[in-house]
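Student: If you scroll down you'll find the structure; I have some questions about it.
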Amino acid sequence: MSASVAGTLGRFVAETTWDAIPEAVRREAPRALLNHLGCALGVARDKAVLSALAVLRPWSGPAVATVYGQGTQLDPMAASFVNCVAGNLLDFDDTHLATVIHPAAPVAPVALALAEARGLSGREVLHALLLGMEVECRIGLGVSPGHYDRGWHITSTCGAFGAAAAASRLLGLDAVRTSHALGLAASQSAGIVENLPNSGKNASMGNAARNGLLAALLAEAGWDAAPGAVEGRLGWARATGDAPDVAAMAGDLGTRWEVSRITYKPYPAGIVFHAVIEAALQLGVAPEEVTEVVAEGDALLLARGDRPVHSRGDARVSIHHSVALGLVRRRAGVAEFEQGAVDDPALEAMRARVRARLDASLPRGAARLTATLRDGSQRVALVEHPTGSEARPMSDAALEAKFRDNLQLGGFETRADALLHTVRGLERASGVGELAALLV
């Protein structure tokens with residue numbers, strides 16, 4: 001392709017109309033937003049969210065953007081930071097399995113904050129959300145899997161591009177200005193896998209939203225970036241991975257939609273652990289009869305999840321904890337990944353009986369468990385397509401049930417009906433004031 005990646009994507013973001021997006025793809029915008037808001041409101045009282053708000057509030061500019069569930073507003077960049085942290089905190093958010101990106105968390109807060117600050121319509125929010133998530137997934141696809149394998153947290157790094165794309169659309173930037181925004185985002189993209197179980201992930205996620213918005217605002221003010229900032233010889237992609245797949249990043253735009261491949265999670269853990277959980281549930285054996293469980297999966301599963309478990313952050317990315325939940329508790333809700341579950345002696349004992357082993361023949365997202373029982377017999381369970389995968393997507397009804405459960409966790413269950421109605425009708429809304437009021 002002769003044009004640069006930023007130039008091609010910039011033109012796509014600036015010139016793609018809402019009506020040009022297939023209806024089936026447009027349908028994902030309110031689903032993604034609903035899931036995002038539910039995940040965020042469910043943790044509105046979490047200390048990570050409250051501490052982020054406490055740190056940023058004294059330094060905030062004009063308070064024009066609502067912080068979800070907090071009864072306060074901040075400037076759009078600070079609100080985007082806090083809301084992104086909340087949306088991603090439990091690893092319960094949406095996932096693009098091909099890249100393992102969680103697309104909505106860095107993009108939706110920016111779209112809502114700008115719309116609230118500048119009086120934009122609901123359709124404009126949904127439009128920008130889709131385009132931002134598409135750009136985020138496209139850029140991630142072009143550097144996968146080498147980018148992640150090198151230790152870059154791909155949602156944080158690519159989230160900055162998605163946020164910049166969505167903000168550029170809402171700011172009305174033309175193709176050239178949008179391409180500069182994406183190039184500027186390339187210089188602000190960061191986040192490391194080593195910090196996934198810790199607060200470092202929250203910092204890079206919040207910055208993905210905030211820095212993407214900053215990139216678009218700087219581009220609006222006339223700042224520029226190198227045309228090859230994304231894929232150039234010394235650009236972002238080569239600096240953080242292998243030679244980029246430019247066609248994956250910028251080919252077939254408008255005909256191949258990566259946002260149509262986004263899935264939603266039934267369990268608040270890394271998506272590659274969902275098959276582990278469901279395989280453990282399928283084993284159907286009493287935990288006291290189990291002497292050992294061998295969990296097999298691809299390289300990503302082992303790289304992410306073969307780890308000791310000391311904290312709730314560890315638990316959400318642990319093969320051993322996922323197996324223990326399926327065998328001992330027979331469920332895997334939010335409570336099953338909190339510190340109380342981490343410290344549960346029965347779960348700790350079961351985790352110690354789990355071994356992880358590579359099976360490169362298994363596809364990403366699949367898992368096979370082999371349990372050895374006290375009598376020497378074995379039970380095997382293989383799950384290739386867990387609930388919430390592309391092959392077995394969550395229905396609207398299941399997504400609504402998850403949304404209601406999350407609102408109950410956060411203490412907002414009385415707003416569930418109104419929020420459902422408002423998000424589902426957002427395309428027809430002249431602004432986001434009604435939604436913002438419900439999020440206060």
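Student: Can you report the principal axis dimensions of region 130-184 using only the alpha carbons, biggest first, rounded to whole angstrom?
Tutor: Principal extents (Cα only, largest first): 36, 19, 15 Å.
Student: Apply the Karplus curve 6.51 cos²θ - 1.76 cosθ + 1.60, θ = phi - 60°, to the phi angles in region 158-167 and return the couplings in whole Hz, x for Gly and Pro.
Tutor: Once θ is set to phi - 60°, the couplings for region 158-167 become 7, x, 4, 5, x, 5, 5, 5, 4, 5 Hz.
Student: Go from 0 up to the bin containing the longest alpha carbon distance in region 61-200, width 5 Å each, and give me the % of pairs per bin.
Tutor: Calculated over all Cα pairs of region 61-200, the distribution is 2, 11, 19, 24, 21, 13, 7, 2, 0 percent.
Student: Taking the Cα centre of region 253-300 as origin, work out the dipole magnitude from +1 charges on Lys and Arg Cβ and -1 charges on Asp and Glu Cβ, in debye rounded to 20.
Tutor: With Lys and Arg at +1 and Asp and Glu at -1, about 480 debye.
Student: With viscosity set to 1.567 mPa s and temperature to 4 °C, compute the Stokes-Einstein D of the chain, Rh being the Kirkwood radius across alpha carbon pairs; µm²/s, no decimals.
Tutor: Translational D for this selection: 60 µm²/s.
Student: Can you work out the Karplus-derived ³J(HN,Hα) for every residue in region 366-378? Use 6.51 cos²θ - 1.76 cosθ + 1.60 with θ = phi - 60°, whole Hz, and x for glycine or proline.
Tutor: In residue order, the calculated couplings are 9, 8, 10, 10, 10, 9, 9, 9, 4, 7, x, 6, 10 Hz.
Student: Still on this structure, I have one more. Please turn the phi angles of region 255-263 into ³J(HN,Hα) values with the Karplus equation 6.51 cos²θ - 1.76 cosθ + 1.60 (θ = phi - 60°), one per residue in order, whole Hz, x for glycine and proline.
Tutor: My calculation for region 255-263 gives 10, 10, 9, 5, 5, 6, 9, 6, 10 Hz in order.
Student: Under a point-charge model restricted to the Cβ atoms of Lys and Arg (+1) and Asp and Glu (-1), what is the dipole moment magnitude of the chain relative to its Cα centre, in debye to the nearest 20?
Tutor: 260
Student: What Kirkwood hydrodynamic radius, in Å, does region 1-137 give when the mean of 1/r is taken over all pairs of distinct Cα atoms and then inverted?
Tutor: 15.7
Student: Could you name the aspartates and glutamates whose alpha carbon sits less than 20 Å from that of Lys402, not counting residues in the same chain fewer than 8 places away?
Tutor: Glu28, Asp46, Asp91, Asp93, Asp94, Glu278, Glu336, Glu338, Glu390, Glu413, Asp417
Student: In Å, what Kirkwood hydrodynamic radius results for region 288-398 from the alpha-carbon pair distances?
Tutor: Roughly 14.6 Å, rounded to one decimal.
Student: Here is a further query. Could you tell me what percent of the accessible area of region 354-440 is made up of carbon and sulfur, with a 1.4 Å probe and every protein chain present?
Tutor: 49
Student: Kirkwood hydrodynamic radius, region 341-440, all distinct C-alpha pairs: what's the number in Å?
Tutor: Evaluated on region 341-440, it is 18.2 Å.
Student: Can you report the principal axis dimensions of region 177-273 using only the alpha carbons, biggest first, rounded to whole angstrom?
Tutor: 43, 34, 26
Student: With the dipole of region 80-151 worked out from charges on the C-beta (+1 for Lys and Arg, -1 for Asp and Glu) around the Cα centre, which of Ala105, Val85, Leu120 lies farthest toward the positive end?
Tutor: Leu120
Student: Nearest 10 degrees is fine. How inclined is helix 396-410 to the longest principal axis of the chain, computing both from alpha carbons?
Tutor: Tilt relative to the chain: about 90 degrees.
Student: Need one number: nm distance between label points at Arg357 and Leu373, each 7 Å from Cα along Cα→Cβ, rounded to one decimal.
Tutor: My value for the distance between the label points is 2.0 nm.
Student: Return one number: the angle in degrees, 0 to 90 and rounded to the nearest 10, between the long axis of the Cα atoms of helix 5-15 and the longest principal axis of the Cα atoms of the chain.
Tutor: Result, in degrees: 70.
Student: Highest mean first, what order results for 71-83, 301-313, 386-398, 206-218 on Cβ atoms within 10 Å?
Tutor: 206-218, 71-83, 301-313, 386-398
Student: What order, most packed first, do the peptides 56-67, 16-27 have when packing is the mean number of other Cβ atoms within 10 Å of each residue?
Tutor: 56-67, 16-27
Student: Setting aside same-chain residues fewer than 8 positions from Lys47, which lysines have a Cα under 17 Å from its Cα?
Tutor: Lys201
Student: In Å and whole numbers, how far do the C-alpha atoms of region 1-51 stretch along each principal axis, longest first?
Tutor: Extents along the principal axes, in whole Å: 48, 27, 15.
Student: Take region 236-303, compute every pairwise Cα distance, and split them into 5 Å bins from 0; I just need the percent in each bin.
Tutor: With a bin width of 5 Å, the distribution comes to 3, 10, 14, 13, 16, 15, 10, 7, 5, 5, 2.
The values are calculated or read from the model by the stated rules, or taken from the named source; none is laboratory data. None of the values given here were measured: they were computed from a predicted structure. With ideal geometry, Cβ positions are generated from the backbone for all residues, glycine too; neighbour counts draw on all protein chains shown. All accessible areas refer to the heavy atoms of the entire protein, side chains included, with ligands and DNA or RNA removed. Shrake-Rupley method; radii C 1.70, N 1.55, O 1.52, S 1.80 Å.
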